[in-house]
């Protein structure tokens, strides 16, 4: 789910300073909630390992943006593609060249576009571009960008990716 002001490619309007300040003031309350949610999710994942192992598993690749050191970037990075096995397939590709690397295919059974790795063609290597939450975006990187992410062991999870799954199983 997304807020109403989020539109394809960005947001409908800039975040007002007063709104930014209100959001920042709520972070001390939000962080413990997020920590409890991560702990709960980790417990649920640990209790359903067999279901998670087989439900929605498929080989994929992970695109993302990184800096020269391999650290997660959101705006000014270069593209990196990591295989489902964890190897870096392509690295340090200029973001403006993305169309040479990421293709889109239309599927009869879905209104969504299927993204794929252009050099290997469709349907051989689909790209896991969604959900585009923090864990998915972190899979192509070498090191988590924050101490909190490092403490949750996201790096080792991103290094051991046999498949993509409907469930995010990389909570540390």
Test each condition in (1) outside the structural domain of residue 114 (by TED's automatic domain parsing); (2) modelled with pLDDT of 90 or more; (3) closer than 30 Å to residue 114 by Cβ for residue 21 and report the one that comes out false. (3)
Residue list for segment 119-151, filter: modelled with pLDDT of 80 or more and surrounded by 15 or more Cβ atoms within 10 Å (Cβ to Cβ): 122
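Going by what's in this entry, would residue 26 be described as modelled with pLDDT of 90 or more and either in contact with a helix residue (DSSP H, G or I) (Cβ under 8 Å, 6 or more places away or on another chain) or closer than 21 Å to residue 121 by Cα (or both)?
Working: modelled with pLDDT of 90 or more: yes; either in contact with a helix residue (DSSP H, G or I) (Cβ under 8 Å, 6 or more places away or on another chain) or closer than 21 Å to residue 121 by Cα (or both): no.
When the stated conditions are applied, residue 26 does not pass them.
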Are there any pairs, at least 6 apart or on different chains, whose C-beta atoms fall under 6 Å, with the first in segment 97-121 and assigned by TED's automatic domain parsing to the domain that holds residue 62 and the second part of a helix (DSSP H, G or I), and if so, which? 101/118; 103/118
Do the conditions hold for residue 45, that is, is it over 17 Å from the mean Cα position of the chain (by Cα), in contact (Cβ under 8 Å) with a residue 12 or more places away in the chain and within 28 Å of residue 123 (Cα to Cα)? no
What are the pairs, 6+ residues apart or on separate chains, where a residue within segment 1-29 that is under 21 Å from residue 74 (Cα atoms) has its Cβ under 8 Å from a residue that is surrounded by 10 or more Cβ atoms within 10 Å (Cβ to Cβ) and modelled with pLDDT under 70? 11/5; 12/5; 12/6; 13/5
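Would you check if residue 91 is at pLDDT below 90 and closer than 25 Å to residue 146 by Cβ? Walk me through it before giving the result.
Values: at pLDDT below 90: no; closer than 25 Å to residue 146 by Cβ: yes.
When the stated conditions are applied, residue 91 does not pass them.
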Please go through segment 66-89 and pick out each residue that is touching a strand residue (DSSP E or B) at 6+ places or on another chain (Cβ under 6 Å) and assigned to a strand (DSSP E or B). 66, 71, 78, 79, 80, 81, 82, 83, 88, 89
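The values are calculated or read from the model by the stated rules, or taken from the named source; none is laboratory data. Everything numeric in this text was worked out from a predicted model, so none of it was measured. Glycine gets a Cβ as well: all are built from the backbone with ideal geometry, and neighbour counts include every protein chain shown.
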